[in-house]
Amino acid sequence: MLFITLLFRFSYKRGDWMGIIFAILAAVLASTSNLFLRKSIDAGGSSKANLVVQLTFSFILMVFLNPVKSGDYGWSTPAVITGLVGGVLFGLLMWGLGRTLEKGPPGLSFAVLNTSSVMPAIVLAVFFGAQFGHPYTIANGIGSLLVVCGLFWAGWTSEHNPNKAVWIFYAAFIFAIHTLFLFFLQWWAMVLKPDLPTSSLIPFKLSQAHIQWFMPAIFFAGALLQWTVFLVKRHRFPKKMELVYGFGSGIANGLCTYFLILAPQVAVAWESAMIFPIFSVGIIIICNAWAQFLYREQVNWWANLVCLTGLIIGTVAWTAF
């Protein structure tokens, strides 16, 4: 721990490796949030209650890390509305993840979730293409193919699960929604770039100075969706145990998002090419590790290696090197 602290301080002073360090920190925090979610379910709570508390605390944290931290409370209606739309997607994603964890193995569930990172490249290439900075290369295709093969291999050899058909449905759901959410974030990045060509798919442009409420809006909409689902289904207030795990999940999830957004801002060019692959690969490795050691899940590490290889090949911006 002392070594990591010294490395963090040394890197921060020099400006080297900060993007990579923040990506690793984000992966550790995301994996911790996922573990708290699973622990809440194991303790007799519901994923719905955990997500209610988690996203509520994440929203509060995002308010402090964005408008409060910057001292800029300027309101931009397009940014807030866009954030609310993204929040609905994020809320659906977290709801689906909770159901997936209730019905199947955690390590494989998180592998399915994070290997969907190879898919936005295909969607972006179809809708925008190379002129918007999103060409589809041979590496993207090879990476996507390896990810699919690895997932089929891992799923085929996974332990017997009486809820396997239901788990597959929810796993496919979070794969699709996560792809859509990542596409949304990439689209948002294009909204903030004034030098891109005009397109009917980018109806407005914003500057960095007008987006302080974007991330809080995402978590607000996600929390509101979870509260609605929870109160309709449960008709009760979250239990103490659900509050404790939810608080831990919310803080970890909020800090994860903060570091993940900060990483590209402090990264040099070659680091930017690696940030999101490192983040996704880190989550898969860490979540599979605690799934094996804490839950005795029979993790197919060879199948996961195929997925990780595909993820790296398909998502790293090789042209940046």
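What the table below lists for this structure:
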item	result
Largest to smallest principal axis extent of the C-alpha atoms in the range 196-321, angstrom	51, 44, 27
Listed peptides 246-257, 220-231, 69-80 by packing density, highest first (mean Cβ within 10 Å)	246-257, 220-231, 69-80
Cβ charges +1 (Lys, Arg) and -1 (Asp, Glu), total dipole of the chain, debye	700 debye
Potential lengthening between ASN163 and ILE138 on full extension [0.36 nm per residue; Cα-Cα distance subtracted]	5.3 nm
Straight-distance crosslink candidates among lysines, where the alpha carbon sits under 22 Å from LYS205 and sequence neighbours closer than 8 are dropped	LYS193
Gained length - ILE81 relative to LEU206, 0.36 nm times residue gap less alpha-carbon distance	43.7 nm
Over the chain: helical MRE at 222 nm, DSSP H runs n ≥ 4 each giving -39500 (n - 2.57), nearest 500	-25000 deg cm²/dmol
Cα-Cα over 18 Å, subset of LYS164/LYS233; LYS39/LYS239; LYS48/LYS69; LYS103/LYS164	LYS164/LYS233; LYS48/LYS69
Normalised convex hull volume, the chain, alpha-carbon set, Å³ per residue	148 Å³
FRET efficiency for ALA125 and LEU305, using Cβ-Cβ distance with R0 set to 25 Å, rounded to 0.05	0.40
Longest to shortest principal axis, alpha-carbon extents of the range 43-193, angstrom	53, 47, 20
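A short reminder: the numbers here are calculations on the coordinates, not readings from a lab. It should be emphasised that the depicted structure is a prediction, and the values quoted were computed from it without experimental measurement. Heads up, the Cβs are rebuilt from the backbone with ideal geometry, glycines too, and the neighbour counts pull from every protein chain shown.
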